[in-house]
Amino acid sequence: MTTDLGRSLGWYRAPLTVVAILASLLLIVPFLILVSTSWTSGSFILFPPEGFSLKWYADVLGDRRWMGSFVLSLWTAALSTVIATLLGVAGAIGLTRVRSRTAQRWIRTLFIVPIALPPIAYAVGLWGINRQLSFLGGTLVSLIIGHALIAMPYVFVLVSGGLARVDPALRPAASTLGARWPLILWKIELPALIPYILTGLLFGFIVVFDEVVLAIFLLPPGMQTLPLRMLSASQEAFSPQLTAASTLVSLLAIAVLAVVPLLNAARARRGRSRLTRSDRPALEGVVE
């Protein structure tokens with residue numbers, strides 16, 4: 001550690017490094033064991049695995065029940081995340097228009113509360129609504145709403161953090177120049193918030209995609225999301241097919257999380273290239 005933080009830690013650097021390495025191993029080693037058991041050529045989950053084979057991945061990808069559950073999880077999570085993103089972004093931007101500090105604190109608390117409450121509270125409440133409103137029976141409306149409520153706080157918190165980094169003088173300056181609030185929102189605030197919106201969207205999607213409690217209470221009979229099918233498979237037959245499905249889901253989550261830095265890097269490169277092109281004529285004029 002040659003940074004200012006490393007120098008300020010002094011002799012604490014060594015134990016902190018050891019703790020960080022142990023914590024990393026605690027997270028990585030179980031995942032590596034999970035992946036290795038999905039490569040086995042046997043019929044049971046054993047470590048070290050018996051031989052090497054990818055047949056369990058082929059079984060999962062070729063099984064209509066597993067793929068149907070995957071498609072169901074994918075589109076319900078995507079729809080819930082879109083709703084959560086719209087509500088979270090609207091709430092974060094709308095909160096900046098509230099002048100009362102007390103009202104801001106109460107509204108911010110209401111948006112963050114779903115993180116603190118257990119998902120089973122939403123599940124029981126929405127299940128009761130399903131019982132009272134017969135037209136919701138056999139539909140996925142309650143599940144999608146519940147997932148959106150769970151994902152919305154993540155979007156709200158990340159976008160609120162992004163708004164705190166935006167220069168507060170930009171909005172009044174644009175307003176004095178005659179721009180109305182829709183133009184200010186579209187041309188100034190949203191472009192600056194795109195990285196935070198994408199980050200919140202992806203985090204919300206991962207949280208919702210892996211959620212299983214609401215699915216137990218709110219899914220219509222005969223339908224199973226992928227996490228619910230994995231839970232059922234772990235109770236019925238603990239086969240390498242389960243670890244293969246778990247590995248695929250983990251790789252999907254890693255791929256989704258990798259999208260954020262890639263998009264931010266591409267956006268930064270485009271910004272630097274535009275600055276370079278805009279500065280070049282001015283430099284040529286100075287040389288002449």
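Would you confirm, using the coordinates I've provided, whether ILE194 is among the β-branched types (Val, Ile, Thr), in contact (Cβ under 8 Å) with a residue 60 or more places away in the chain, open to solvent by 30 Å² or more (accessible area, probe 1.4 Å) and in a helix (DSSP H, G or I)? So ILE194 fits the description; yes. Restricting the search to region 221-254, which residues are exposed (fewer than 13 other Cβ atoms within 10 Å of the Cβ), more than 18 Å from the chain's Cα centre (by Cα) and over 19 Å from ILE45 (Cα atoms)? Matches in region 221-254: PRO221, GLY222. The residue that is modelled with the lowest pLDDT, among those in region 48-71 that are outside any helix (DSSP H, G or I) and surrounded by 13 or more Cβ atoms within 10 Å (Cβ to Cβ), is PRO49. Among the residues of region 207-263, the one identified as touching a Gly at 6+ places or on another chain (Cβ under 9 Å) and among the acidic types (Asp, Glu) is GLU211.
Applying the set (1) in a helix (DSSP H, G or I); (2) in contact (Cβ under 8 Å) with a residue 40 or more places away in the chain; (3) of a type outside the set (Asp, Glu) to VAL18 leaves exactly one unmet item: (2). Per the listing LEU158, LEU185, LEU163, the residue uniquely within 22 Å of GLY94 (Cα to Cα), under 25 Å from the mean Cα position of the chain (by Cα) and modelled with pLDDT of 85 or more is LEU158. Here LEU74, LEU87, LEU79, LEU143 are screened, and the one residue that is modelled with pLDDT of 85 or more, surrounded by 20 or more Cβ atoms within 10 Å (Cβ to Cβ) and part of a helix (DSSP H, G or I) is LEU143. Condition first: at pLDDT 70 or above, out of contact with any Cys (no Cβ under 9 Å at 6 or more places or on another chain) and either among the aromatic types (Phe, Trp, Tyr) or not in a helix (DSSP H, G or I) (or both). Can you find one or more residues in region 24-31 that meet it? Yes, region 24-31 contains a residue that is at pLDDT 70 or above, out of contact with any Cys (no Cβ under 9 Å at 6 or more places or on another chain) and either among the aromatic types (Phe, Trp, Tyr) or not in a helix (DSSP H, G or I) (or both). For region 168-182, taking the residues that are part of a helix (DSSP H, G or I) and open to solvent by less than 60 Å² (accessible area, probe 1.4 Å), the one that is modelled with the highest pLDDT is identified as ALA173. In region 117-125, is there at least one residue being surrounded by fewer than 20 Cβ atoms within 10 Å (Cβ to Cβ), touching a residue at least 24 places away in the same chain (Cβ under 8 Å), aliphatic (A, V, I, L, M) and within 29 Å of LEU198 (Cβ to Cβ)? Within region 117-125 (the criterion being surrounded by fewer than 20 Cβ atoms within 10 Å (Cβ to Cβ), touching a residue at least 24 places away in the same chain (Cβ under 8 Å), aliphatic (A, V, I, L, M) and within 29 Å of LEU198 (Cβ to Cβ)), the answer is no, since none of the residues qualifies.
Let me spell it out: the conditions are (1) among the aromatic types (Phe, Trp, Tyr); (2) modelled with pLDDT of 80 or more; (3) loosely packed, with under 13 Cβ neighbours inside 10 Å, and PHE203 meets all of them except one. Which number is the exception? Against the list (1) among the aromatic types (Phe, Trp, Tyr); (2) modelled with pLDDT of 80 or more; (3) loosely packed, with under 13 Cβ neighbours inside 10 Å, PHE203 comes up short only on (3).
The values are calculated or read from the model by the stated rules, or taken from the named source; none is laboratory data. Since we're looking at a predicted model, the values are computed, not measured. Note: ideal-geometry Cβ built from the backbone for every residue, glycine included; neighbour counts use all protein chains shown. What goes into the accessible areas is simple: the full protein's heavy atoms, side chains included, and nothing from ligands, DNA or RNA. Shrake-Rupley method; radii C 1.70, N 1.55, O 1.52, S 1.80 Å.
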